[in-house]
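Peer 1: Quick one: the structure is below, questions incoming.
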Amino acid sequence: MKVRVRFFAALREHVDRAEVVWELGPQQTVGDLWDALQNAFPGLGGLSGHVAFAVNQEYVDSAHCLHDNDEVAIIPPVSGGSSHVPSGA
């Protein structure tokens with residue numbers, strides 16, 4: 001099966017592209033895909049446990065089973081903002 005993988009923010013810099021089409025065997029999970037991508041792009045290795053996954057625009061965990069033609073977005077941790085909650089909010 002083939003899936004389209006989209007990389008965002010710093011992940012895009014680690015793989016030097018915005019997306020790839022990746023071929024997997026049957027009954028593979030998002031975790032299996034992530035393992036394969038880390039092997040292919042060693043710069044991703046330090047980000048394990050810190051990324052979020054979305055399949056077809058819905059957040060999923062690494063145990064989610066993939067299907068042919070799925071779109072997988074890999075999203076790095078987001079930082080910034082403020083923890084301060086204004087009074088009256």
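Peer 1: Classify region 2-75 from the C-alpha gyration tensor, please: rounded if a/c falls under 1.5, else prolate or oblate depending on whether a/b exceeds b/c.
Peer 2: Because its axes are fairly even, with a/c under 1.5, region 2-75 counts as rounded.
Peer 1: Could you give the nm distance between label points at Arg6 and Asn69, where each point is 7 Å from its Cα heading toward the beta carbon?
Peer 2: About 1.7 nm, to one decimal.
Peer 1: Between Leu24 and Asp61, what is the spin-label point distance in nm, taking each point 7 Å from the Cα along the Cα→C-beta axis?
Peer 2: Taking the simple label geometry, Leu24 and Asp61 are separated by 1.6 nm.
Peer 1: Given Cα pairs under 8 Å that are at least 6 residues apart, what percent is the relative contact order of region 2-75?
Peer 2: 44 percent
Read-outs: derived from the displayed coordinates by stated rules, not from any lab. Given the structure is predicted, the values throughout are model-derived calculations rather than measurements. Because the Cβ atoms are built from the backbone with ideal geometry, glycine has one as well, and the counts that use them run over all protein chains shown.
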